[in-house]
Each structure stands twice: as structure tokens, then as C-alpha cells.
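J.: Please see the structure below; I have some questions.
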Amino acid sequence: MKITMIDEEKIQYNKQVKRLEVIKKEIEELESDSTVQKYLKLLNTKKFLESNNEQMYITIKHNEYRNCNHIWINNRSYCIKCRLKNILAQYEYVDYYGLSFDEKICMDYILYNSLGNDRSISLNVNCDIALANEIYDIIAKSNENKSDEEICAYFKKILVDKTNPLSLSRKK
Ligand SMILES: [Zn+2]
């Protein structure tokens, strides 16, 4: 008798059904093992905590953005205090799925919240974000009770010192 394509497919199918049955039995046996049970329990807890921590992190970040009297730099595209990136002010076209995890958090925030209040300050300054963060950290460490206006003045002064080749060579 000639074996057709359909017959071959049926044979293959039946083989796979049997193989699946064997695997299911093996899994059942493993699941009754206490070490495996412990592993599965830990895995579930890990998943739960990871997802929960992620949600908490997002909430914390959004609260930080909400409670910040922003100090904007780079044409109001970055706040040096809470580090909110106004991505819409940075790029004309934004590929949401191309954003990093932290950028997505910023994007989700700026899409649904107003940016700033009467107490926000816009600094007429353009500089590298890593440098801006570094300078702000230096200021924040030693000037906890200073006003935003004073912080802005320090920021500009340090930025000039750090980016001016004349002041750098003077220190050498
Ligand atoms: Zn801010």
C-alpha cells in the first residue's frame, strides 16, 4: 500500500501526541518532588516581586516628578532636580518602543501630566546631561537648604568652570 503525505502527517501527529503524554507524566512526577516544589514557589514569588517592584519604582518616579519645582535646562527638555526628560521637547518623532525603561517612565508621565508649575525655572543653559547630573549632585550634597534660585546660580557657575578651557587650564 502506498503511504500518502496525509498518512505521514497522521503518523507524525500520533508520535507527537504520545511524546507529549510521556512529558506530561514526567512533569507530574517532578512536581511531586519537594525541591522542585520549592523551586516553583520561589520562581512565582520572584516574578511577583519583580512586577511589584517595577510598579512601585514607576509610582515613586512619577511622584518625584509631580512634587518637583523643575529646574529645566536644554530648552526645557531636562530637569536637573528630578531628572525628568521631556522627551517630546527633545525629539520631533518618538519611537516609544525604542525608549529605555527610564525614558518610558518619563514619557508616560509627560503624556498625562502638566509639566511644571509657577515655581519651575527655565535655565538658559545647554549642556551634556551626564555633566548636568554631576554638577547637580555636587550642589545638592552641600546645599540642602538653598533656594532653587541659589542652586541655579551655583549650577551656572560650576558649569562655566567645568566647560571653560581657560578656567580648567588655570587650575592645572
Ligand atoms: Zn524636576
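J.: Can you find a residue that is in contact (Cβ under 8 Å) with a residue 12 or more places away in the chain, out of contact with any strand residue (DSSP E or B) (no Cβ under 9 Å at 6 or more places or on another chain) and within 15 Å of the ligand (Cβ to nearest atom) anywhere in region 137-148?
T.: yes
J.: Got a sec? Which of LEU88, LEU115, LEU42 is in a helix (DSSP H, G or I), hydrophobic (A, V, I, L, M, F, W, C) and at pLDDT below 95?
T.: On inspection, the qualifying residue turns out to be LEU88.
J.: Scanning for something of a type in the set (Lys, Arg) and surrounded by 12 or more Cβ atoms within 10 Å (Cβ to Cβ), does region 149-161 turn up at least one residue?
T.: yes
J.: Could you grab me the full set of residues in region 71-87 that are among the β-branched types (Val, Ile, Thr) and within 9 Å of the ligand (Cβ to nearest atom)?
T.: ILE71, ILE80
J.: Give me the pairs: first residue in region 90-104 and touching a residue at least 60 places away in the same chain (Cβ under 8 Å) and of a type in the set (Val, Ile, Thr), second residue surrounded by 10 or more Cβ atoms within 10 Å (Cβ to Cβ) and in a helix (DSSP H, G or I), beta-carbon distance under 6 Å, and six or more apart or on different chains, which are they?
T.: Going by the 6 Å Cβ cut-off, there are no qualifying pairs.
J.: Moving on. Sort out which residues of region 79-115 are among the charged types (D, E, K, R) and within 18 Å of TYR136 (Cβ to Cβ), and write them in order of number.
T.: Across region 79-115, the qualifying residues are LYS81, ARG83, LYS85, ASP102.
J.: Take the residues of region 39-70 that are of a type in the set (Val, Ile, Thr) and under 23 Å from CYS82 (Cα atoms): which is nearest to the ligand (Cβ to nearest atom)?
T.: ILE60
J.: Determine, yes or no, whether ASN113 is within 14 Å of the ligand (Cβ to nearest atom), without any contact (Cβ under 8 Å) to a residue 40 or more places away in the chain and exposed (fewer than 13 other Cβ atoms within 10 Å of the Cβ).
T.: Considered against the rule, which asks whether it is within 14 Å of the ligand (Cβ to nearest atom), without any contact (Cβ under 8 Å) to a residue 40 or more places away in the chain and exposed (fewer than 13 other Cβ atoms within 10 Å of the Cβ), ASN113 comes out as no.
J.: Looking at MET56, MET5, which is the one that is surrounded by fewer than 13 Cβ atoms within 10 Å (Cβ to Cβ), closer than 30 Å to ALA140 by Cα, of a type outside the set (Ser, Thr, Tyr) and out of contact with any strand residue (DSSP E or B) (no Cβ under 6 Å at 6 or more places or on another chain)?
T.: It is MET56.
J.: Anything in region 71-108 that is touching a helix residue (DSSP H, G or I) at 6+ places or on another chain (Cβ under 6 Å), among the charged types (D, E, K, R) and buried (at least 17 other Cβ atoms within 10 Å of the Cβ)? List them, or say none.
T.: Within region 71-108, LYS85 is the sole residue that qualifies.
The values are calculated or read from the model by the stated rules, or taken from the named source; none is laboratory data. Keep in mind it's a predicted model, so treat the numbers as computed, not measured. All Cβ positions, even for glycine, are placed from backbone atoms using ideal geometry, and neighbour counts span all protein chains on display.
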